[in-house]
Amino acid sequence: MTTREQPAGPRAPETADSFRLLVETVRDYAIFMLDGSGRVLTWNAGAQRLKGYRSQEIIGKHFSCFYPADAVEAGKPARLLALAAREGRVEDEGWRVRQDGSRFWADVIITALRDPDGSVIGFAKVTRDMTERRRAEQALHESEERFRLLVESVKDYAIFMLDPAGRVASWNAGAETIKGYAAEEILGQHFSVFYTPEDLASGKPQAQLDAAVREGRVEDEGWRLRKDGQRFWADSVITALRDPAGTLVGFGKVTRDLTIRRRTEEQLSQSNSELERFSYSVSHDLRAPLRAINGYAQAVLEDYAAALDPEGQRFLAVIRDSAKRGGELIDALLNFSRLGRQTLAVEPVNLTELARAVVEELRKAAGPDGTDTIVDPLPPARGDRTLLRQVLANLIGNAFKFTRGRPHPHIEIGARREGQAVVYFVRDNGVGFDMQYADKLFGVFQRLHRADEFEGTGVGLALAQRIIQRHGGRIWADGKVDGGATFFFTLPAGPPAAP
């Protein structure tokens, strides 16, 4: 009778060998054993990489050699072993020392190893190098501390936090300056105390919090109240703050006191309105006498020309030309005044098409003058087509005028992107101008060239500036005497602000 061989049981030695091989080859963690007194018994590749010792250099030495001198003097290594023996394991973060004396920030776990009777026979020690993480955390902490100090010391802006219910959770120096409350007086109070009775009646504070939650942020201008009840005109931004999971944790609120700016704008607006009415009235009243001058001069030329010598006829021609120029100046002034009251008809505008049409008209008027004109593709804009055409007509018309008679006249109409903005330009190689007088270019009736050199009323650039500003953009120029000129202007991406 044969006996069938029974299947072999678990091969524990091979499992132990595999585990040992695994531990010895790990490079990201120092994994080693200590005997009961703290001397190193084993050493893996990760321990050699982190601490710098080869196994033959460290086995048998006390693990306290990994600690800074002050930690050894304080008895930290022995205390950690005692804690591990009592609690089963101990975890610690702190500075450790490599073989070359350099320090690294370590996360250490020491686990007590016991025999079947429960007696401690040694310790397992796992160490990770956390230096880079600590540096990152320290840098973040320092950044947060700098930001906190910055926010707390700013005095021109009220910067504070609200909890999710709208109660004040922090308060900076600017908030105290603008709103009048000391921190201990306002912390914990609802931010609605800053709003006027009419805003409270309409539910504005809660509506703004709801909008911030919904949209992420909300900006508003309006009257707010100081602690003493005085009103001030504020620009405020409320931003919803969320944790990484997306849960609302509160709101950030930034408020500026714009009372002085608002008063200045109101006074400027009133002055502009009065000036526009005055300009319109004066311009309108001047038309009649200028017509009379021109008409009587024409009548003299027609009825009494034979009685006048050539010099007398020339004088009458000068009178007529002056009256005509006066009429042109009045028309320009009326257009300039009217623009301040004109409502913008905002629509998409193909500026490339508009510029090419202006160039074509100017070419027909100028005749075969040989001006080399390039119109690059221009990004589209939104605005008042008629007024933007007037801007292009003024700028391109000037380029034609001031390159007239120049050798190889050249004009380029183009655009370039600067971040999110688009800068349009009209560049020529004409007579140019001295940059020290650049601030006069956009003034009404300001001219850098004599009228007998170049025709014009001196209102075109002022009109172009007002149109661009009405659209929410800006206009400026760069030039050099006999080196040409470039006029730049921007238009906002969105629709222009209401007048």
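In the stretch 32-57, how many residues are hydrophobic (A, V, I, L, M, F, W, C), without any contact (Cβ under 8 Å) to a residue 40 or more places away in the chain and crowded, with 19+ Cβ neighbours inside 10 Å? Quick ask: steps written out before the conclusion?
Step one: of the stretch 32-57, the residues hydrophobic (A, V, I, L, M, F, W, C) are 32-34, 40-41, 43, 45, 47, 50.
Applying the additional criterion that residues be without any contact (Cβ under 8 Å) to a residue 40 or more places away in the chain yields 40, 43, 45.
Subset that is crowded, with 19+ Cβ neighbours inside 10 Å: 40, 43.
Here the count works out to 2.
Of the conditions (1) open to solvent by less than 90 Å² (accessible area, probe 1.4 Å); (2) under 23 Å from ALA45 (Cα atoms), ALA85 clears all except one; give me its number.
With respect to (1) open to solvent by less than 90 Å² (accessible area, probe 1.4 Å); (2) under 23 Å from ALA45 (Cα atoms), ALA85 is out only on (2).
Considering only residues of the stretch 408-438 that are out of contact with any strand residue (DSSP E or B) (no Cβ under 7 Å at 6 or more places or on another chain) and within 16 Å of LYS480 (Cβ to Cβ), which is least open to solvent (accessible area, probe 1.4 Å)?
VAL431
Looking at LEU209, is it in a strand (DSSP E or B), open to solvent by less than 90 Å² (accessible area, probe 1.4 Å) and out of contact with any helix residue (DSSP H, G or I) (no Cβ under 6 Å at 6 or more places or on another chain)?
Working: in a strand (DSSP E or B): no; open to solvent by less than 90 Å² (accessible area, probe 1.4 Å): yes; out of contact with any helix residue (DSSP H, G or I) (no Cβ under 6 Å at 6 or more places or on another chain): yes.
Taking the combined requirement at face value, the residue does not satisfy it.
Inside the stretch 342-359, can you point out the residues that are of a type in the set (A, V, I, L, M, F, W, C), at pLDDT 85 or above and not in a helix (DSSP H, G or I)?
Matches in the stretch 342-359: VAL346, VAL349.
In the stretch 443-480, what residues are open to solvent by less than 30 Å² (accessible area, probe 1.4 Å), modelled with pLDDT of 80 or more and under 21 Å from LEU491 (Cα atoms)?
LEU461, ALA462, LEU463, ALA464, ILE467, ILE468, HIS471, GLY473, ILE475, ALA477
Is it true that some residue in the stretch 225-234 is open to solvent by less than 30 Å² (accessible area, probe 1.4 Å), small (Gly, Ala, Ser) and more than 23 Å from the chain's Cα centre (by Cα)?
no
Please work out if ARG231 is more than 15 Å from VAL168 (Cβ to Cβ) and among the basic types (Lys, Arg). Quick ask: steps written out before the conclusion?
Numbers: more than 15 Å from VAL168 (Cβ to Cβ): yes; among the basic types (Lys, Arg): yes.
Spelling it out, ARG231 is indeed more than 15 Å from VAL168 (Cβ to Cβ) and among the basic types (Lys, Arg).
Which one is most open to solvent (accessible area, probe 1.4 Å) among residues in the stretch 58-82 that are among the aliphatic types (A, V, I, L, M) and outside any helix (DSSP H, G or I)?
Among residues in the stretch 58-82 that are among the aliphatic types (A, V, I, L, M) and outside any helix (DSSP H, G or I), the one most open to solvent (accessible area, probe 1.4 Å) is ILE59.
Only one of LEU362, LEU339, LEU378 is open to solvent by less than 20 Å² (accessible area, probe 1.4 Å) and either modelled with pLDDT of 85 or more or over 32 Å from the mean Cα position of the chain (by Cα) (or both); which?
From the options LEU362, LEU339, LEU378, the qualifying one is LEU378.
How many of the residues making up the stretch 383-415 are at pLDDT 90 or above and among the charged types (D, E, K, R)?
1
The values are calculated or read from the model by the stated rules, or taken from the named source; none is laboratory data. Keep in mind it's a predicted model, so treat the numbers as computed, not measured. Ideal geometry is used to build each Cβ from the backbone, glycine not excepted, and the neighbour counts take in all protein chains shown. Only protein heavy atoms, including side chains, enter the accessible area calculation; ligands, DNA and RNA are left aside. Shrake-Rupley method; radii C 1.70, N 1.55, O 1.52, S 1.80 Å.
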